[in-house]
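Heads up, the thing below is written out as structure tokens.
FYI, it's all coordinate maths here, none of it is from the lab. Being a predicted model, the structure only gives us computed values, none of them experimental. Heads up, the Cβs are rebuilt from the backbone with ideal geometry, glycines too, and the neighbour counts pull from every protein chain shown.
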Amino acid sequence: MPMTDNQGSFLNRISIRRNQVSNMENNHEQDLEDLELFQKHVADRFSDLLPNDPSSTTDSPAKDQTALFSISWYRKLLDVFLCCEAEFKALVLIGRDPVQFSKPPLDRLVPDILDRSIKSLDICNAVTHGLELVCHWQKLAQIAVTALEQKPMGDGQVRRAKKALNTLLTSMMLDDKENNYHAKAAERTWSFGRRSGTNTTNNKDRTNGTFRAMSWSVAKSWSASKQIQAMASNLVVPRGGEPTGLALPIYAMSTIFVFVMWGLVAAIPCQERTGLLTHFPMPRNLNWGQSLISLQDKIAEEWKKKEKKGTTGLLDELQKMEKVAQNLVDFAENFQFPAEEEKLEEVAGQVAEMAEICRKMEDGLAPLQQQIREVFHRIVRSRAEVLDVLDQIGKMSTPVPY
């Protein structure tokens with residue numbers, strides 16, 4: 001992911017300032033300024049994910065016409081997450097006294113965000129499985145496109161297309177748990193892992209043996225909706241007066257964790273999404289909260305519509321694929337050779353639309369999968385760095401034997 005100019009200047013600024021003031025007591029104002037800048041960047045980035053308002057003359061130039069909930073849009077969402085996470089880590093960890101993390105309220109907030117990071121790893125794993133299934137659907141749709149593009153169109157090509165499309169639609173109609181096993185036709189193992197527990201007292205070798213590779217399947221009892229619900233619990237705006245100023249950025253990053261993972265689960269087939277939250281607490285009084293609330297409302301509104309119709313999720317390309325596939329199946333079921341020229345022209349338009357959907361998916365799915373990997377490993381590394389800080393606190397508080 002290319003680092004934005006704002007992000008690069010922010011990280012350099014943090015590093016330089018912390019080096020300059022490491023031995024000074026009166027750096028509170030500079031910390032507040034850094035916090036404000038971080039929050040502004042969060043607000044700007046999420047605002048740029050909102051669709052353009054045709055009547056507005058103040059929209060950011062960073063906005064474009066990317067379709068909401070498309071593969072490209074979700075790639076931008078993950079870019080936003082990675083940028084925010086990098087700035088958050090710089091703000092919270094660089095040049096900080098580790099003892100700060102052992103005092104209230106950080107002694108509670110830090111374990112909370114570590115727990116959310118673990119749950120996010122599970123979501124990344126589940127989303128990866130879902131994307132493999134989406135790739136399988138794209139291949140089935142491409143089989144139908146290839147068959148129906150042949151001229152002249154005969155019974156054999158139509159039967160081949162109908163078989164592929166029926167398989168596609170049947171898979172799309174399966175519930176999320178069934179699809180987790182149906183997708184094993186496309187099974188592959190990722191170099192993803194997770195920490196075996198959340199205990200921060202034993203942190204050795206966390207980047208080697210502790211994060212072990214995960215297989216394709218997840219437990220039958222695992223639920224994406226329950227995972228999101230657990231992540232959203234205890235998400236409370238910190239009270240004012242916290243001396244280090246770190247409670248607010250930790251809260252902001254926790255909220256970003258929950259929002260991004262929730263958005264991914266809503267878009268991409270994941271095991272057991274029934275009852276997925278449509279709203280969780282958002283800070284209306286903070287400048288970055290308004291953008292997140294607007295995006296949350298749009299995702300929730302679409303999810304309520306789609307949840308009643310099927311389980312494919314909100315991904316724009318999947319919604320279009322399902323609709324066109326059904327139209328082509330209807331054509332195939334009533335096909336008689338030779339077909340009327342007018343009907344062939346109508347079908348040619350739908351085949352071209354499906355071909356364009358397949359092209360977008362072929363171009364976008366691999367980079368999206370790569371970003372999910374990057375998010376996963378970024379979370380692993382950042383979590384390890386926080387655990388190193390907690391290790392330092394433990395060593396400082398351990399009596400030295402004489």
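Some values worked out for this structure:
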read-out	value
Which of W137, W222, W303 has the fewest Cβ neighbours within 10 Å, and the rest in rising order	W222, W303, W137
Cleavage-rule hits (GluC sites (Glu not before Pro)) in the range 241-339: DSSP loop, at most 16 neighbouring Cβ within 10 angstrom	none
Burial ordering of H129, H136, fewest other beta-carbon atoms within 10 Å first	H136, H129
Nitroxide proxy distance, nm - points 7 Å out along Cα→Cβ at N285 and K304	2.7
Length released on extending from D107 to A348, taking residue separation times 0.36 nm less the Cα-Cα span	80.5 nm
Alpha-carbon centroid distance for the pair the range 311-360 / the range 224-288, whole angstrom	38
Exposure proxy order (Cβ contacts within 10 Å, fewest to most) of D31, D388	D388, D31
Counted charge near V258, where neighbours are those whose Cβ lies closer than 14 Å (Asp, Glu -1; Lys, Arg +1)	-1
Distance (nanometres) between label positions extended 7 Å along Cα→Cβ at D297 and Q229	2.6
E36 paired with Q370, simple spin-label distance in nm, labels 7 Å along Cα-to-beta-carbon	3.9
